[in-house]
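We did not get these values from a lab; they are worked out from the coordinates using the rules stated. Worth saying up front: this structure is predicted, and the values here are computed from it rather than measured. Backbone-built Cβ (ideal geometry, glycine too); neighbour counts: all protein chains shown.
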């Protein structure tokens, strides 16, 4: 048996047929051999469980996250699907207090409220993408990147919250100045941001899913 780093036991042979109804099989190539990673039942599937239990976090500890944790979240963003595999988005993690203060002031001004729109998170992750006039999928691509990072953060015990108004922020002269300071190419727009850190309080209970959220047409 081989042990997978995340997905549990890996075997070089398919499981007995009687187990197929109880597990999910996903072929994985390990040293040239096709193996199978097993997930025990839908309710025990670690990916589905993480998706169901993730919540937006708006209360953070001042303690900074580790580099390993940050890189894991950022790397997850790079594996989000993008149109034609173009990988259009740009991801920038900000931990510099002076820049966080500047971004906070800009975002609050767009919002028109005298509060911290990033909820005191020690890390802010910004996502940029091409102008939709240049690449029609840009906002969709950037959105998927943000979603991947939110789910990855939850999976490793971090809290995150989607933050809006980056498009307005980085359309201003000050915003474009910051983008230049970050070494980003011209012509990008702000898609969104994440507040990222260790939760300091339990998140709110989830709202019930609406009854007609999805349907199947056959």
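Dividing the Cα radius of gyration of region 150-218 by its Kirkwood radius returns 1.15 for Rg/Rh.
P(r) tail for region 54-197: Cα pairs beyond 22 Å make up 34% of the total. The order of the peptides 64-70, 210-216 by mean Cβ neighbours within 10 Å, most packed first, is 64-70, 210-216. Label zone of residue 56 (point 7 Å out along Cα→Cβ, amide N under 20 Å): in region 65-108 this covers 103-108. If one computes the Cα centroid of region 144-218 and of region 62-129, what distance in Å separates the two points? When both Cα centres are located, 8 Å separates them. For the pair residue 71 and residue 180, label points projected 7 Å from Cα toward Cβ lie 3.2 nm apart.
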